[in-house]
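Colleague: If you scroll down you'll find the structure; I have some questions about it.
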């Protein structure tokens with residue numbers, strides 16, 4: 001399983017939004033600038049996230065985007081599923097009935113890997129990512145260079 005640019009950039013932008021929006025909408029241009037992501041690309045990504053209910057848009061001169069719910073209620077799995085669709089390390093090929101060897105491998109290897117990946121993705125919230133980011137940022141800000 002490989003996470004596409006859409007998934008990686010979308011998650012980065014959401015962490016930025018959650019970390020920097022203080023109960024008011026945040027313009028995508030601000031996020032795009034901080035994260036060095038194309039504004040046009042982010043608009044497409046956030047359109048998908050809006051349809052999934054992960055973010056909501058606010059119109060007007062001081063408009064922008066806000067999280068659709070509290071960051072602690074939004075999981076990494078939910079974000080990636082919205083942006084990437086269903087994912088599996090080795091999905092069964094459509095229209096092909098697997099033989100017994102394929103079924104054994106699927107059950108004991110691929111399905112187990114999928115379970116562990118999903119376990120991690122569902123256990124990590126956007127709030128946890130923001131906390132980790134802020135800790136790294138603070139440590140970086142406290143670094144002294146000679």
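FYI, it's all coordinate maths here, none of it is from the lab. Only a predicted model underlies this, so the values are computations on that prediction, with no experimental measurement involved. Please note: Cβ atoms are built from the backbone with ideal geometry, for glycine as well, and neighbour counts cover all protein chains shown.
Colleague: Please find, in a Gaussian network model of the chain (springs between Cα atoms separated by less than 10 Å), the residue of 93, 115, 77 whose mean-square fluctuation is greatest.
Modeller: 93
Colleague: Could you please state, rounded to a whole Å, how far the C-alpha centre of the range 9-63 is from the C-alpha centre of the range 70-146?
Modeller: Each part's Cα centre sits 21 Å from the other's.
Colleague: Please rank 65, 9, 41, fewest neighbouring Cβ atoms within 10 Å first, as an exposure proxy. Don't jump to the answer; show the numbers that get you there.
Modeller: Values: 65 23, 9 20, 41 15.
Arranged by neighbour count, lowest to highest, 65, 9, 41 become 41, 9, 65.
Colleague: Report the residue, chosen from 100, 11, 121, that carries the largest GNM mean-square fluctuation when the chain is represented by alpha-carbon nodes joined by springs under 10 Å.
Modeller: 100
Colleague: To continue, here is another question. Any idea what % of Cα-Cα pairs in the range 73-135 are farther than 18 Å?
Modeller: In whole percent, the long-distance tail amounts to 49.
Colleague: For the chain, take the longest principal axis of its alpha carbons; what is the angle in degrees between that and the long axis of helix 5-20, to the nearest 10 within 0 to 90?
Modeller: In the chain, helix 5-20 runs at an angle near 40 degrees to the longest axis.
Colleague: At 4 °C and 1.567 mPa s, what whole-number value in µm²/s does Stokes-Einstein give for the translational diffusion of the chain, with Rh from the Kirkwood sum over Cα pairs?
Modeller: Reported coefficient: 76 µm²/s.
Colleague: Next question. Which residue fluctuates most in the GNM of the chain (Cα springs below 10 Å): 118, 40, 20?
Modeller: Looking only at 118, 40, 20, the largest GNM fluctuation is found for 40.
Colleague: For labels at residue 34 and residue 2 in the simple 7 Å Cα→Cβ model, what's the distance in nm?
Modeller: About 3.0 nm separates the two model spin labels.
Colleague: Given the Cα-Cα distance of residue 27 and residue 139 and 0.36 nm per residue of separation, how much length would full extension add, in nm?
Modeller: Details: separation 112, 0.36 × 112 = 40.32 nm, distance 2.69 nm.
The span from residue 27 to residue 139 would gain 37.6 nm if fully extended.
Colleague: Apply 1/(1 + (r/R0)^6) to the Cβ-Cβ distance of residue 72 and residue 110, taking R0 = 30 Å, and write down the FRET efficiency to the nearest 0.05. Don't skip to the answer; put the middle values down first.
Modeller: On the way: r = 31 Å, r/R0 = 1.04.
Efficiency for this residue pair is about 0.45.
Colleague: Hey, what did the range 5-141 get for relative contact order, percent, Cα under 8 Å, at least 6 apart?
Modeller: Relative CO of the range 5-141 lands at 29 percent.
Colleague: Most exposed first by the Cβ proxy, i.e. fewest other Cβ within 10 Å, how do 131, 5 rank?
Modeller: 5, 131
Colleague: Would you compute, from DSSP H runs of 4+ residues alone, the mean residue ellipticity of the chain at 222 nm, taking -39500 (n - 2.57) per run and dividing by the full residue count, rounded to the nearest 500?
Modeller: Values: 7 runs with 81 residues, N = 146.
Here the helix-only value at 222 nm equals -17000 deg cm²/dmol.
Colleague: Turning to a different aspect of this structure: Using the 10 angstrom Cβ neighbour count as an exposure proxy, how do 101, 76, 45, 117 rank, fewest first? Don't jump to the answer; show the numbers that get you there.
Modeller: Details: 101 8, 76 19, 45 25, 117 16.
In increasing order of surrounding Cβ atoms, one gets 101, 117, 76, 45.
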